Amino acid sequence: MAFQYVKVGGSPYEIGMQLAQQAGVKINRCIDLYAELFASVGVTWEQAVERAQVYVEAIESYDPDILAEMQGMADGLQRPLIDIVTLNARSEVIFSAAALDGCTTLSVLPSRSDGHTYVAQNWDHYVRYHDVMLTVEIEQQDKPRILMVTEAGLIGKIGMNDAGLGVCFNALGCEGTPGGLPVHCAVRGALNSRSLGEAIGAAIQQKSANGVNLHVASKEGIAACIELSNDGYDVLFNQEGVLAHANHFISPKLVGQVKDKFPERAPDTYIRLGVARQRLENHDGPITADAISEILRDHKNYPDSICRHAESDPRPVGKRGNIFETVFSIVTDLDEGVMKVASGCPCRTQYESYRFGERS
């Protein structure tokens, strides 16, 4: 079943208010789910809220429009602003205590494709989050229009804009200096950008509060991975026409600097990255959208595969790490301006197409 589709527009505050009006039930449910997840690692909602206070100033200094959108959402839900800030800092308030999502991303450029530029991803999390996902179209004032798939209430996630940029991302885990900008705000900054260079600037201009990789592609036929740690960053340009990423640092610069925590909880990250690279590099002929979809359906190392089925698989967990499932799969064609989304594991659901102003 396709995710709820929400279309909003206006000032940042009006956008937030409209999101609350159209998807308030899902936003409240998303907050409840994260409160439960925080509690599972020993952090109460009250403690999470207290930890999130430090991010209010960081968000406002980064982009006041983001905070205004959160305020509109909060007022529409009749909740305090800090509840929405805490939701958007859900990766930071339990810093390094748990891996909150896993995913595999890739980009394919015209030199290796059918002439189009693609960026694609499987986003993995607990199955219960499927019910709080939204497909959101945002008509902004003086910023690009955005079409993205997101957890209800998060202001930046996976999608594209009408300037020809596509954004995917991989959660990374590392130890480092506390404080900084929540990663989902950096993702929104990338989605608000009009060029790959601007997206890189949006990602690195303020210290990151957590580890993340932003996989950004442009319809100009270029793409890059922007790896962020709490204390540094690096940019990996797609030089060979194909580029893949999973949930561990691969930058030679950062590998030697950070204590990478995610593989301890998701050792399959190495398999997923290796399989994605293998399939991209060894593909015979132009890599089309259908070929990318097949990579995203790959079951090597099942159930902890690129197309992930771990939560619904009955076998013992053992030492496999986090038990996630693919919540959705997305393939974005930046030349056509079309975003194809499969709700759930792509091996058993069909991709539906979304363009600005229409869906099929």
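The values are calculated or read from the model by the stated rules, or taken from the named source; none is laboratory data. As the structure is a computational prediction, the values presented were derived from the model and not from experiment. Cβ placement follows ideal geometry from the backbone for every residue including glycine, while neighbour counts extend to all protein chains displayed. The area values use the complete protein model at the heavy-atom level, side chains included, leaving out ligands, DNA and RNA. Shrake-Rupley method; radii C 1.70, N 1.55, O 1.52, S 1.80 Å.
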Residue separation between E36 and F237 times 0.36 nm, minus their alpha-carbon distance, gives in nm 68.5 nm
Any GluC sites (Glu not before Pro) in the stretch 200-284 that lie in a DSSP loop and have at most 13 other Cβ atoms within 10 Å would be E240
Amide H contacts under 5 Å for V6, restricted to residues at least 5 apart in sequence or on another chain and with H modeled in the peptide plane, are T135, V136, E137
For the stretch 114-164: accessible area per residue (Å², 1.4 Å):
23
Low-density loop cleavage sites - chymotrypsin sites (Phe, Trp or Tyr not before Pro) in the stretch 102-203, where at most 10 other Cβ are within 10 Å (DSSP):
none
For F169, which sequence-distant residues (separation of 5 or more, or a different chain) have an amide H within less than 5 Å of its own amide H, given hydrogens modelled in the peptide plane?
H215
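Keeping every protein chain present and rolling a 1.4 Å probe, give me the accessible area per residue for the stretch 196-259 in Å².
Values: 2330 Å² over 64 residues.
It amounts to 36 Å² per residue over the stretch 196-259.
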Candidate aspartates and glutamates - alpha carbon under 13 Å from K26, same-chain residues fewer than 8 apart omitted:
D131, E151
If I compute solvent accessible area with a 1.4 Å probe over the protein chains, what percent of it on the stretch 209-337 is carbon and sulfur?
49
Please list, or write none, the aspartates and glutamates whose alpha carbon is within less than 20 Å of the alpha carbon of K253, excluding same-chain residues fewer than 8 places away.
E175, E227, D231, D234, E240
GNM result for the chain, Cα springs below 10 Å: residue of G173, G344, G274 fluctuating most strongly:
G274
Give a residue-ordered list of calculated ³J(HN,Hα) values for the stretch 132-142 (Karplus: 6.51 cos²θ - 1.76 cosθ + 1.60, θ = phi - 60°; whole Hz; x for Gly, Pro).
10, 7, 10, 9, 10, 10, 10, 9, 9, 8, 6
Where does the chain land at 222 nm, in deg cm²/dmol rounded to the nearest 500, when only DSSP H runs of n ≥ 4 count, each adding -39500 (n - 2.57), divided by all residues?
-10000 deg cm²/dmol
Tell me the relative contact order for the chain as a rounded percent, counting alpha carbon contacts under 8 Å between residues six or more apart.
18
Gyration tensor on Cα atoms of the chain, a ≥ b ≥ c root eigenvalues, a/c under 1.5 rounded, else prolate if a/b beats b/c, else oblate, says rounded
Distant-in-sequence amide H partners of F328 (H built 1.01 Å from N, under 5 Å)
W123, G344
With the cut-off at 31 Å, tell me which of the pairs K157/K261; K143/K207; K300/K340; K259/K340; K7/K261 have Cα atoms farther apart than that.
K259/K340; K7/K261
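Please list the helices of the chain that count as membrane-span-like by this rule: a mean Kyte-Doolittle hydropathy of at least 0.0 together with Cα atoms stretching 24 Å or more along the helix axis, each helix being a complete DSSP H run.
Numbers: long enough: 12-40 (34 Å, 0.17); 45-62 (25 Å, -0.41).
Helices passing the filter in the chain: 12-40.
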